[in-house]
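Asks: Got a structure here, written out as structure tokens. Questions coming.
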Amino acid sequence: MSTGILFLHGFSGGPYEVQPFADFIQQRTTWEVSIPTFSGHGEAEELAMKGYKAEHWMMEAEIAYRNLKKKVDDVIVVGFSMGGVIAMYLAIRYQVKKLVLLSAAAKYISPTQLVKDIRAMAEDFMHHQLEDNELFARYKFKFKHVPLSATVEFTRVVQKTAPYIQNVKCPTFIVQGKLDGIVPFSTAAYLQNLLQASEQKLYISEQGKHHICYSDDCEIWFQEVFDFLTAS
């Protein structure tokens, strides 16, 4: 039986957000790997999101799934942030062998952690170290170049999927950072309670922030998720 694995990146991001885990998988398997880029997304300098809607991104994920399914017997879907929401959408509509949700944006911004992150940025600014701040480095371009209309479409992706999350029944592994300032930490428990998955696993990264594939403990959870995906 051949296996394919579809990676879905997050809102205003690109394949780089999931690339470390994709590399981990590719080094250990002969699986067919697909990492599409949603319209208007990609590297920061390529962002051109205006005019694209939730339906575009959801349909592109469907097309990527169908194209992969033509090549393999079983499809695994891994989704990060908005990609995690779209991954659940695919698992509801199609036959997905296993599902991995990384910082899945089923809820929006965590105010408490975001305040802490902003304070940290302010301190770094005062000490002329802002360019060294990880959050600022990742989001400085997005703060200026992501149109409000695109952000509205992101919320529509969540709204379209949220009522049907309980219909996800395939085995699911949830990974969530405790210090995520974009997706509230409580989202992991929220998903656990809603999903009707035949098997569920959860990994909480104590120091992990939103870009969980770059967390200090990523090699630990990479291995745990890999063991989950390769178990019969």
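Asks: Kindly sort 202, 6 by accessible area of their heavy atoms, largest first, with the probe set to 1.4 Å.
Replies: Of 202, 6, the descending order of accessible area is 202, 6.
Asks: Mind checking Rg over Rh on the stretch 19-84, alpha carbons, Kirkwood formula for Rh?
Replies: 0.99
Asks: Right, here's the next one. How much accessible surface does residue 29 have with a 1.4 Å probe, in Å² rounded to 10?
Replies: 30
Asks: Further question on the same structure: Past 27 Å, Cα to Cα: identify those pairs from 71/209; 69/160; 50/71; 71/98; 107/169; 107/209, in the order given.
Replies: 71/209; 50/71
The values are calculated or read from the model by the stated rules, or taken from the named source; none is laboratory data. Since the structure is predicted, the reported quantities are computational estimates derived from the model, not experimental observations. To get the accessible areas, we keep the full protein, side chains included, count just its heavy atoms, and leave off ligands, DNA and RNA. Shrake-Rupley method; radii C 1.70, N 1.55, O 1.52, S 1.80 Å.
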